[in-house]
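What follows is one structure encoded as structure tokens, with my remarks underneath.
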Amino acid sequence: MPDEPTRVLPVFPLGSVLLPGMPLPLRVFEPRYVALLSDVLGADEREFGVVLIERGSEVGGGDVRFGTGTVARIVQVEVGEGLVVLVARGTERFEVVRWLDDDPYPRAEVRMLPALVPEDPAALAEAERVVRETLVRAAEFVELPWPADVALADDPAARMWQLAGIAPLGALDTLALLRSTTAAALLARLVEETRAVLPTLEAGWLDDGEGDEDDPR
């Protein structure tokens, strides 16, 4: 992989993980990120990178970032005075080769990671069964962004990533899925982590006694 070509991407550090094939709604008002989007919207591909913040905040800078992310392509945008509202969609995964100067906004030299294609239909079907059944159960305890019967893409690779995106997992577990080196490993971990999350949700509901988003297709 060191011989793979690199490219420079403007980057949004966020408190959540974007996966390939998943939508990303954003309301952008911080001046440096409005400037980032102004440059992105003037480019042919209208793409930027998204990485998870390891330490720090989305606003104000000074954050520490993880080095694996996803390219986001803008599919819908509204520009107002000092505010940009957009929807982007995750495409390819990347790893950060090196961070560049944050002035005027974060940028990184990145290398694209290989596409993951599931080769075992049974493993994909089992992952889908586990995720959907867990969403049904989890909805009894918390409000979820995705219903259990949400429609997914027909393409196996897209469907795999969308299953990972709708699973009720935390950011670090989702990041671990994004870092997967094979589709088989991704599906196995997705099943394991999804099965493990339900007892936590049940316990949280007992201790304390969260609408729908766009179709990920």
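Read-outs throughout are calculated quantities, based only on the coordinates presented, and are distinct from any laboratory measurement. Note that the structure is a prediction, hence the values are computed from the model and not measured. FYI the Cβ positions are ideal-geometry reconstructions off the backbone, even for glycines, and counts take in every protein chain you see.
Label sites at Arg27 and Ala171, each approximated as a point 7 angstrom past Cα along Cα to Cβ, lie 1.9 nm apart.
Given +1 at the Cβ of Lys and Arg, -1 at the Cβ of Asp and Glu and no other charges, the dipole of the range 6-112 around its Cα centre is 320 debye to the nearest 20. In this structure, the amide hydrogen of Ala148, modeled 1.01 Å from its nitrogen in the peptide plane, lies closer than 5 angstrom to no residue at least 5 positions away or on a different chain. Placing +1 on the Cβ of every Lys and Arg and -1 on the Cβ of every Asp and Glu, with no other charges, gives the chain a dipole of roughly 440 debye about its Cα centre.
The ratio of the alpha-carbon radius of gyration of the chain to the globular-protein estimate 2.2 N^0.38 Å is 1.04.
Pairwise alpha-carbon distances in the range 121-208 exceed 17 Å for 44% of all pairs. Label sites at Ala139 and Arg7, each approximated as a point 7 angstrom past Cα along Cα to Cβ, lie 3.8 nm apart. In the chain, taking the dipole from charged Cβ atoms about the Cα centre, the farthest positive-side position among Ala158, Leu144, Val97 is held by Val97. The chymotrypsin sites (Phe, Trp or Tyr not before Pro) of the range 4-89 that meet both conditions, a loop assignment by DSSP and at most 14 other Cβ atoms within 10 Å of the site Cβ, are Phe29. Per residue, the average separation of C-alpha pairs within less than 8 Å and at least 6 apart gives the range 6-112 a relative contact order of 36 percent. Helical content of the chain, expressed as a calculated mean residue ellipticity at 222 nm, amounts to -11000 deg cm²/dmol (DSSP H runs of 4 or more residues, -39,500 (n - 2.57) each, divided by residue number, nearest 500).
Got a sec? Which residues in the range 139-162 would a label at Ala115 touch, if it sits 7 Å along Cα→Cβ and we count backbone N under 20 Å? Inside the label zone: 152-162.
Across the range 132-145, computed HN-Hα scalar couplings (Karplus, 6.51 cos²θ - 1.76 cosθ + 1.60, θ = phi - 60°) run 5, 5, 5, 4, 4, 5, 5, 5, 6, 10, 9, 7, 10, x Hz from first to last residue, x flagging Gly and Pro. A simple spin-label model places the labels of Glu78 and Asp101 3.6 nm from each other, with each point 7 Å out along Cα-to-Cβ.
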